[in-house]
1. Residue-wise, which Karplus ³J(HN,Hα) couplings in Hz belong to segment 279-284, taking 6.51 cos²θ - 1.76 cosθ + 1.60, θ = phi - 60°, and x for glycine or proline?
2. Can you pull a Stokes-Einstein diffusion coefficient for the chain at 10 °C (1.306 mPa s), Rh from Kirkwood over Cα pairs, as a whole number of µm²/s?
3. Can you give me the C-alpha center-to-center distance between segment 131-165 and segment 276-337, rounded to a whole angstrom?
4. What is the helix-to-structure angle for 62-73, meaning the angle in degrees between its Cα long axis and the longest Cα principal axis of the chain, kept from 0 to 90 and rounded to the nearest 10?
5. Return, for the Cα atoms of segment 173-327, the radius of gyration and Dmax in Å, separated by a comma.
6. Sequence gap of 8 or more, or different chains, plus Cα separation below 26 Å: how many lysine pairs satisfy both in segment 123-268?
7. Can you give the helix-only mean residue ellipticity at 222 nm for the chain, where every DSSP H stretch with n ≥ 4 adds -39500 (n - 2.57) and the sum goes over all residues, rounded to the nearest 500 deg cm²/dmol?
8. Under a 5 Å amide H to amide H cut-off, with H placed in plane at 1.01 Å, what residues pair with S61 once short-range neighbours are removed?
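Any read-out appearing in this document is the output of simple, stated calculations on the displayed coordinates, not a laboratory observation. Small disclaimer: the values here were computed from a predicted structure and weren't measured. Ideal geometry is used to build each Cβ from the backbone, glycine not excepted, and the neighbour counts take in all protein chains shown.
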Amino acid sequence: MAAKIVDLRSDTVTKPTEAMRGAMASAEVEDDVLDRDPSCFRLETELAKLLGKEAALFVPSGTMANLISVLVHCDTRGSEVILGHDSHIHIYENGGIAILGGVHPRTVKNNEDGTMDIDLIEAAIRDPKRELIYPTTRLICLENTHGNCGGRCLSVEYTDRVGEVAKKHGLKLHIDGARIFNAAVALGVPVDRLVQAADSVSVCLSKGLGAPVGSVIVGSSSFISKARRLRKTLGGGMRQVGVLCAAALVALQENVEKLENDHKKAKLLADGLNGIKGLRVDTSSVETNMIYVEIEEGLGTTASKLCKDLEEYGILVMAMASSRLRIVLHHQISANDVHYALSCFQQAVDGVPNENGK
Ligand SMILES: *Cc1c(COP(=O)(O)O)cnc(C)c1O
């Protein structure tokens, strides 16, 4: 067992801080299904205001946030959603929109920066005059930051342009904003401006923001009341949920301002890793708290092997493909941890047997 563990697998691994635990212990609560839980109401009000939308809804997970959002926008079976081929909704959410909502996914290629070409989005919209053979396009989904594209940010200009396309064709726009605060901080734009064109946004509280549990959906009041009903249908109506929301309120107060530092630590780590022979990081694409590391063929190891070797040193990272590792920074990783991780990476790489069987 290594003396020290530095867990870089995800920003979901943060532990609640003392302040969060204190807030949870003293949270004012009520039954949020029968009445409204006051702490939950406070969190929802705060997030609606921050994101510039009329209303908000606390849900147990980001997956449920996206599922509810897509299903409310696509409330008839045979609806179609346009989304990135590498988006979280399409890849990692069990096909829930199809299984539970009868919503058909129409994928458009994600570029390396997480965008989809506007003309490809427009070309994917079905001709409503041909409904005899086509599903009905109702929704476009964006993801910001884009996880599988290395945590890259979609700009205000891009988001606005997609919003215009949606409007022009009578479609809704949903943003999977699991890490939207990371994007806003990295771009230096107010988060409400960044999502201005969206009809709904899902936000994870338990990623970079560091809360233990939960996501929030924001949108219009009528959208959120439909979302509330669907949340109950899915079994996501929770009773004294204020114990969770109290922690999330602390996360909002204390951790948004730490994201900039997470991004700096990510750059520092990315630069260091790129300097290790046999590893390659496209450092210019490290925009937020996520790093993808390519293992060069000459190194003679695989991502999963290197992952195992690093584990011996107490460094936890995620193997994403045969030669690709993912690293995610968060507020509980210090600059010292970054330096320690770099030295462990160096040792693990040095320990890889070369062709002469070192
Ligand atoms: C984590 C994540 C989700 C899902 O959140 P869970 O709480 O794990 O269900 C959705 N979208 C993106 C981009 C994510 O990173």
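1. Along segment 279-284, the couplings run 10, 9, 10, 7, 5, 5 Hz.
2. Approximately 75 µm²/s, per Stokes-Einstein.
3. 29
4. Helix 62-73 and the main axis of the chain meet at about 30 degrees.
5. 19.1, 57
6. Going through segment 123-268 pair by pair, I get 15.
7. Calculated mean residue ellipticity at 222 nm is -12000 deg cm²/dmol.
8. Sorted by chain and number, the residues that satisfy this are S215.
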